[in-house]
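Each remark here refers to the structure printed beneath this line.
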Amino acid sequence: MIVIPVIDVMNGLAVHAVRGERKAYKPLESIVSKSTDPVEVASIFSSIGFNYIYVADLDAIIHRMPSWSLYSKLKSVVRYLMLDNGARSYRDCMKLLDLGIDYVVIGSETFESMNELKSLLEVYADKVIISVDLMHNQILSPIQSVRILRVDEYLRILYGFGLRSAIILELSRVGSGLGIDTDMINMIGRLTPLVDKLYIGGGVRSIEDIEVLKEIGVYGVLIATALHKGWVAIEDLRSKGYL
């Protein structure tokens, strides 16, 4: 099990993401870092011992304004960078791979072509992670035929394309502190056989949540609010072998 800190970036600052309500996001307040500089936050996480850092460039995702200079700076302070910058096409993804990004996260919310997604997975499945972006269990996508699918149906299609790694990101639970409930556990249990490496994000509140997800076969957990508020303590992660 890998525990992966998340840094959401908006207007050049690390922000606190809550329930996918992006217009209401405020600059980050954290017990981990007093800074809102995403590079400094990433550097602190790396110094703590986190090998993987996930960054969502919300300016790129929402406004198509990628922060190219930021990506190189982030890459210089983290061991493995997982980056979602709102890629919409094969070409967008290749720009990131050419920049040396370790793992390009392709969000269902923004990517515009299943054919191009298939082409990417056929060649770059080890470098590409598909994020199944959900709002109240509904897939977010500009592709109408994707929006009507269940999560398991979508993953089966992607598995046929060569999918190896996927994130299930429930935006309505992000920053909520709701924790992992029985319905979510049951859904995840049905999905783990469909992908080699399954990551979960949204609502993880405690070390117990992380332990439950590990037991049902989840490969990695994306976590932000619980770290910044101290609900998941660094000492507990170390004692459990996650750092």
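Here, each number is a calculation from the coordinates, and none is a lab measurement. Only a predicted model underlies this, so the values are computations on that prediction, with no experimental measurement involved. Please note: Cβ atoms are built from the backbone with ideal geometry, for glycine as well, and neighbour counts cover all protein chains shown.
Label zone (residue 143, point 7 Å along Cα-to-C-beta; backbone nitrogen cut-off 17 Å) within segment 73-114: 86-94, 105-114. Return the single residue from 126, 183, 59 with maximal mean-square fluctuation; model: Gaussian network over the chain, springs between Cα atoms under 10 Å. The residue with the greatest mean-square fluctuation here is 183. Of the residues 198, 178, 227, the one that moves most in a GNM of the chain with alpha-carbon contacts below 10 Å is 178. Taking 164, 173, 79 in turn, the Gaussian network model of the chain (Cα-Cα springs below 10 Å) assigns the largest fluctuation to 79.
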